[in-house]
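**Student:** First the structure, which I've put down as structure tokens, then a few questions once you've had a look.
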Amino acid sequence: MEAVRIRTWYGIIAVIEIRNRSFHRAGLGKFIMPHPPVVNWLLRRGMRNDFCRRLSILHELGHLQTLPGIFLYSLGMGLWIYHQKPVSLLELGMILLGIHAFWELLAELYVRFQAGPLYRLYYRGVGRFPRILFWSTMAVFTLLSWKILLS
Ligand SMILES: [Zn+2]
């Protein structure tokens, strides 16, 4: 399959290649990261291949569109740790996990808004459990990182 090229709102070209359900490449310009699409695999279980591909492209694009935001979010947490709240290595790992989980939530919210009414249509007949698992675990990891920072 051809890679999809889309200009992000901050002007850099996003490159997304959904080769199949177990191998994706996505990145900006020449920085393209191959990765196992764990979240897309979980969220699109039981979905038709063409729908899965469309939503997976949107999800990867969601990561890239929200990248400046997640960068500032991470920077803010880093500054907070530096000035206010020294953390252990384990806590730091949990905070990094929480940042990633928050980024997953943002990427999938992007999919939800971009797909609009199609989102529900694509999920017709697809089991709810993977989606419940995704939203709840990502929310818990996000909240845990806040709890560590604010405790
Ligand atoms: Zn993701």
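The values are calculated or read from the model by the stated rules, or taken from the named source; none is laboratory data. Keep in mind that what you see is a predicted model, and the values were worked out from it rather than measured. Note that we place each Cβ from the backbone using ideal geometry, even for glycine, and neighbour counts take in every protein chain shown. To get the accessible areas, we keep the full protein, side chains included, count just its heavy atoms, and leave off ligands, DNA and RNA. Shrake-Rupley method; radii C 1.70, N 1.55, O 1.52, S 1.80 Å.
**Student:** Could you grab me the full set of residues in region 52-66 that are within 14 Å of the ligand (Cβ to nearest atom) and touching a residue at least 40 places away in the same chain (Cβ under 8 Å)?
**Tutor:** Result: Leu55, Ile57, Leu58, His59, Glu60, Leu61, Gly62, His63, Leu64, Gln65, Thr66.
**Student:** Given the criteria touching a residue at least 24 places away in the same chain (Cβ under 8 Å), within 16 Å of the ligand (Cβ to nearest atom), more than 22 Å from Val140 (Cα to Cα) and open to solvent by 60 Å² or more (accessible area, probe 1.4 Å), does Arg25 qualify? It would help to see each step written out before you state the result.
**Tutor:** On the way: touching a residue at least 24 places away in the same chain (Cβ under 8 Å): no; within 16 Å of the ligand (Cβ to nearest atom): yes; more than 22 Å from Val140 (Cα to Cα): yes; open to solvent by 60 Å² or more (accessible area, probe 1.4 Å): yes.
So Arg25 does not fit the description; no.
**Student:** Which one of these is open to solvent by less than 50 Å² (accessible area, probe 1.4 Å), part of a helix (DSSP H, G or I) and either within 15 Å of the ligand (Cβ to nearest atom) or modelled with pLDDT under 95 (or both): Val111, Val87? Spell out the reasoning first.
**Tutor:** Numbers: Val87 fails: part of a helix (DSSP H, G or I).
Exactly one of Val111, Val87 is open to solvent by less than 50 Å² (accessible area, probe 1.4 Å), part of a helix (DSSP H, G or I) and either within 15 Å of the ligand (Cβ to nearest atom) or modelled with pLDDT under 95 (or both), namely Val111.
**Student:** In region 115-135, is there at least one residue being within 16 Å of the ligand (Cβ to nearest atom), within 14 Å of the chain's Cα centre (by Cα) and open to solvent by less than 40 Å² (accessible area, probe 1.4 Å)?
**Tutor:** yes
**Student:** Still on this model: Residue check: is Met138 over 18 Å from Leu55 (Cα atoms), within 16 Å of the ligand (Cβ to nearest atom) and in a helix (DSSP H, G or I)?
**Tutor:** Numbers: over 18 Å from Leu55 (Cα atoms): yes; within 16 Å of the ligand (Cβ to nearest atom): yes; in a helix (DSSP H, G or I): yes.
In short, yes.
**Student:** Next up: Just checking, does region 93-105 include any residue being within 15 Å of the ligand (Cβ to nearest atom), touching a helix residue (DSSP H, G or I) at 6+ places or on another chain (Cβ under 8 Å), under 24 Å from Ile18 (Cβ atoms) and open to solvent by less than 20 Å² (accessible area, probe 1.4 Å)?
**Tutor:** Checked region 93-105: at least one residue is within 15 Å of the ligand (Cβ to nearest atom), touching a helix residue (DSSP H, G or I) at 6+ places or on another chain (Cβ under 8 Å), under 24 Å from Ile18 (Cβ atoms) and open to solvent by less than 20 Å² (accessible area, probe 1.4 Å).
**Student:** Find all pairs meeting these conditions: Cβ atoms under 6 angstrom apart; at least six residues apart or on different chains; first residue within region 100-126 and among the charged types (D, E, K, R); second residue at pLDDT 95 or above and near the ligand (Cβ under 10 Å from one of its atoms).
**Tutor:** Short answer, once both residue conditions are applied: Glu104/Met138.
**Student:** Inside region 28-51, can you point out the residues that are within 13 Å of the ligand (Cβ to nearest atom) and either under 20 Å from Tyr122 (Cα atoms) or touching a residue at least 40 places away in the same chain (Cβ under 8 Å) (or both)?
**Tutor:** Answer for region 28-51, where residues must be within 13 Å of the ligand (Cβ to nearest atom) and either under 20 Å from Tyr122 (Cα atoms) or touching a residue at least 40 places away in the same chain (Cβ under 8 Å) (or both): Pro37, Val38, Val39, Asn40, Trp41, Leu42, Leu43, Arg44.
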